[in-house]
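The values are calculated or read from the model by the stated rules, or taken from the named source; none is laboratory data. Treat the numbers as computed from the prediction; the structure is a model and nothing was measured. Cβ sites come from the backbone with ideal geometry, for glycine too, and all protein chains shown count toward neighbours. Only protein heavy atoms, including side chains, enter the accessible area calculation; ligands, DNA and RNA are left aside. Shrake-Rupley method; radii C 1.70, N 1.55, O 1.52, S 1.80 Å.
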Amino acid sequence: MNNVGLAVMGAAYMGATMAVTPSNAATQTIFALSTAPGRAGVAVIRLSGPDAEPIALTLSGGAALPARRAVLRKLSRENEVIDEALVLYFPAPNSFTGEDVVELQCHGSHAVIEALSEALLALGLRQAQAGEFTRRAVENGRMDLTEAEGLMDLIDAQTTGQRRQALQQMDGHLRETYENWREGLLDALAQVEGEIDFADEADVPDALSHAAWPYLNQVAADIEAALKRADRGRAVRTGIDIAIIGAPNAGKSTLLNQLVGRDVAITSPQAGTTRDIVEAHMIIAGMPVTLSDTAGLRDAIDAIEAEGVRRALARAEDAHLRILLQRGETVKAPIEDGDIVVFNVKTPSNENEINALEGYGVDGLLTRLEAVIRDRFTGGEPAGLTRARHADCARRALSATQSAQTHLGIAPELVSEDIRAALRAIDELAGRADIEEVFDRIFSQFCVGK
């Protein structure tokens, strides 16, 4: 295979290493393999841009392509048939990118994909870079930036919970949230601007800006609530961390092995066997979960154990959920409301007891974990601030809104500027602001065909 075919096929899932072309290339017609590289029954090559339909007609040599209806055409170059394929034409603006889009559903052999790629390059098309199709969709108003991120999360989803959250974000649930913030801020700004612009008018009441208070108060409360829920959304997207903590020789490593169903941690009757963090991954309640076995919590007898205890406490502090395993003794541990405390005993008699060595009660513990995870992380809430970028924008919008509240009644001009700063932060969240570097960073993580 020559370099053209290798570039088109091999690059389709190497998006994280490629940069997206700046918007001055947006008028060019692009193409890429949109299905996974390698031998397959069917491959899809997508074209987008003003020359998509003319190029497809040049390849197929047939009559005009009907809109949104598949037609079977022979694709040829220089009188040589490359393949027989289904051709679908989506006219602008009712397409994924908002431009004219053509999809060629051809046979998925290396030879066919290579030949079609060479033909498209020869006809003047440019290979799409990572995320360029989706970037064009955002720039053409087909979706906002948060919906595009939801699409990327859906492509990367490995669990039911991740799929559901990604679909919610793709459907615009986060957009609805920040649009409500934006409307409230605009209402507040109208009140403040009324005092600034018409202060000398008799029919404009004094201190009109005080009417902005309810709007600002509601927006601030809504953003604060969204930020409090942000950890849940990010946990679903990246995984839920559960730390198993307790005194030395409480059976933590044995419990980890029982929960995951295989020996991942070394177990021994000797106290202090675990010195570092041992991780295992599993799916619980449709969510990706990382279980961490940690060093026993006690006054360390040497520097190595002291470091193990320090790491155990740090992991417990950072975890979304903790399982405190006890064997009769009382241990000082960073337990929070909603964490699970379980006792390792010889003969379990209730749901708070297990026999980690024999596995008695472990199924019941898994059932409790499923219930806690469903209640805390899959409560049916709409997708919220699922990324650090979202939370950063929301925090800046909140800070500016709170500053506006502070200046209210003192300096309307400052309130106006504060509100505009909050609106700019929301525009950045939506992708409406001039954030070329943010666009580059986000869309470079997409596969080339998306």
Name the single residue, out of those in the stretch 209-264 being open to solvent by less than 30 Å² (accessible area, probe 1.4 Å) and touching a Phe, Trp or Tyr at 6+ places or on another chain (Cβ under 8 Å), that is nearest to Gln165 (Cα to Cα).
-> Val236
For the stretch 223-332, which fully contained helices (runs of 4 or more DSSP H) count at least 2 residues that are more than 30 Å from Ile426 (Cα to Cα)?
-> 252-260, 303-318
Reported set for the stretch 23-54 where residues are touching a helix residue (DSSP H, G or I) at 6+ places or on another chain (Cβ under 7 Å), modelled with pLDDT under 75 and not polar (S, T, N, Q) is Ala26
Considering residues that are over 28 Å from the mean Cα position of the chain (by Cα) and either open to solvent by 60 Å² or more (accessible area, probe 1.4 Å) or closer than 20 Å to Ile284 by Cβ (or both), the number found within the stretch 345-371 is 17
So Glu176, is it more than 17 Å from Val236 (Cα to Cα) and either among the charged types (D, E, K, R) or assigned to a helix (DSSP H, G or I) (or both) = yes
Of the residues in the stretch 141-173 that are touching an Asp or Glu at 6+ places or on another chain (Cβ under 9 Å) and not in a helix (DSSP H, G or I), the one that is most open to solvent (accessible area, probe 1.4 Å) is Asp171
Close pairs (7 angstrom Cβ cut-off, 6 or more residues apart or separate chains): among the hydrophobic types (A, V, I, L, M, F, W, C) in the stretch 94-118, buried (at least 20 other Cβ atoms within 10 Å of the Cβ) and assigned to a loop (DSSP other than H, G, I, E, B) anywhere = Val101/Ser95
In the list Val331, Val278, Val289, which residue meets the criterion of being within 14 Å of Ala247 (Cβ to Cβ), β-branched (Val, Ile, Thr) and in contact (Cβ under 8 Å) with a residue 12 or more places away in the chain?
-> Val331
Under the condition of being farther than 21 Å from Arg237 by Cβ and of a type in the set (Asp, Glu), which residue from the stretch 384-417 is least open to solvent (accessible area, probe 1.4 Å)?
-> Glu417
